[in-house]
Amino acid sequence: MADVHSNLPALQAVTGDARDLGGFDAIWLLGDVVGYGPQPNECIEFLSDYPLICVAGNHDAGVLGHVRLDRFNHDAAEACLWTRQCLAPSSTRFLSELPLRHGVEDFVLVHGSPRDPLWEYVTASPQARMLAPWCERRHALAGHTHRPLAAYMTTPPASHHPEVEVCGSVKLDERLLINPGSVGQPRDGDPRAAYGLLDTTAGFVSFHRVTYDVAAVSDSMRRAGLPIALARRLHVGY
Ligand code: ZN
């Protein structure tokens with residue numbers, strides 16, 4: 001999963017859904033645990049109940065003051081400052097220990113891309129096709145765009161369709177960059193929380209969407225004094 005963005009109900013919804021679909025061994029989280037949403041400490045606490053591999057996102061770094069806030073748009077910077085002042089010491093410690101990249105089995109986990117783990121948005125296949133030299137393992141798992149994507153990192157064989165369709169289940173052949181979409185702030189026009197189930201033994205990833213109480217999160221953002229546009233966009237999934 002990626003881009004939880006302090007949205008606890010969405011995080012609870014995707015873990016509940018994954019449990020209903022047969023369970024999981026661990027959560028692999030591709031950065032941006034916090035920023036935008038109203039419950040940063042609660043999300044970090046919730047994750048502590050699970051075996052977890054997590055890398056840092058640009059918002060995690062922004063909240064800690066490790067990157068300059070003028071690299072963010074106005075509302076995102078406001079949310080970083082709001083998050084910074086309400087972060088518990090244990091949450092600050094959790095975020096400061098996150099690596100920029102982590103290799104496990106056949107996968108490199110990053111937030112943005114294997115070339116620029118914090119900032120690069122991989123939005124389409126042609127861009128992914130240039131990234132293989134930066135990826136030290138077979139596949140890359142990334143977030144950051146808040147849109148699900150499965151794309152070849154090398155030129156696929158002629159027998160393969162040049163684009164991998166992101167629906168249902170995708171076979172992990174060739175070298176792929178996989179983005180499961182965003183848990184806490186989807187931007188593909190579908191407000192439901194997004195995540196993927198990765199079966200490393202069978203070599204498949206499946207993409208999933210789950211409904212959660214968007215109105216409750218949006219109300220709690222307004223009450224917390226977070227920028228109103230951030231609350232509104234959750235309703236439309238953008
Ligand atoms: Zn994000």
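For the range 12-136, a Kirkwood hydrodynamic radius built from all Cα pairs, placed in the Stokes-Einstein relation at 37 °C and 0.692 mPa s, yields a translational diffusion coefficient of 210 µm²/s.
Expressed in Å, the radius of gyration and Dmax of the Cα atoms of the chain are 16.8, 54.
Per residue, how much accessible area does the range 34-174 show when a 1.4 Å probe rolls over the protein heavy atoms, in square angstrom?
Per-residue value: 47 Å².
Which net charge results when you count Lys and Arg as +1 and Asp and Glu as -1 among the other residues whose beta-carbon is under 11 Å from that of residue 34?
Net local charge, residue 34 excluded: -3.
Compute the signed sum of charges (Lys and Arg +1, Asp and Glu -1) over the other residues within less than 10 Å, Cβ to Cβ, of residue 184. Value of the local net charge: -2.
Return the equivalent ellipsoid semi-axes of the range 13-64 as a descending list in whole Å, where each equals the square root of 5 times an eigenvalue of the C-alpha gyration tensor. Don't skip to the end; give the middle numbers.
Values: eigenvalues 97, 29, 17 Å².
For the range 13-64, the ellipsoid semi-axes come out as 22, 12, 9 Å.
Taking 161, 111, 208 as the candidate residues, the one with maximal mean-square fluctuation in a Gaussian network model of the chain, Cα springs under 10 Å, is 161. Backbone N atoms of the range 13-38 closer than 16 Å to the 7 Å Cα→Cβ label point of residue 224 belong to residues 13, 32-38.
What net charge do the residues around residue 205 carry, taking every other residue with its C-beta under 11 Å from that of residue 205, with Lys and Arg at +1 and Asp and Glu at -1? Each step should come with its number before you reach the end.
Details: positive: 171; negative: 199.
Once positives and negatives cancel, what remains is 0.
Surface composition of the chain: carbon and sulfur make up 52 percent of the accessible area, probe 1.4 Å. Of the residues 176, 21, 95, the one that moves most in a GNM of the chain with alpha-carbon contacts below 10 Å is 21. Under the simplified labelling scheme, the residue 88-residue 171 pair shows an inter-label distance of 4.6 nm, with each label point 7 Å from Cα along Cα→Cβ. Available extension along the chain between residue 115 and residue 81 is 9.5 nm, counting 0.36 nm per residue and deducting the alpha carbon span. Put the Cα centre of the range 5-51 next to the Cα centre of the range 212-232 and the gap is 18 Å. The GNM of the chain, with springs linking C-alpha atoms under 10 angstrom apart, assigns the highest mean-square fluctuation among 168, 225, 22 to 22. Taking all C-alpha pairs of the range 103-238, those more than 25 Å from each other amount to 30 percent.
The values are calculated or read from the model by the stated rules, or taken from the named source; none is laboratory data. Keep in mind that this is a model prediction, so the values were computed, not measured. Don't worry about glycine lacking a Cβ; one is built from the backbone with ideal geometry, like all the others, and counts go over all protein chains shown. With ligands, DNA and RNA removed, areas are computed over all heavy atoms of the protein, side chains included. Shrake-Rupley method; radii C 1.70, N 1.55, O 1.52, S 1.80 Å.
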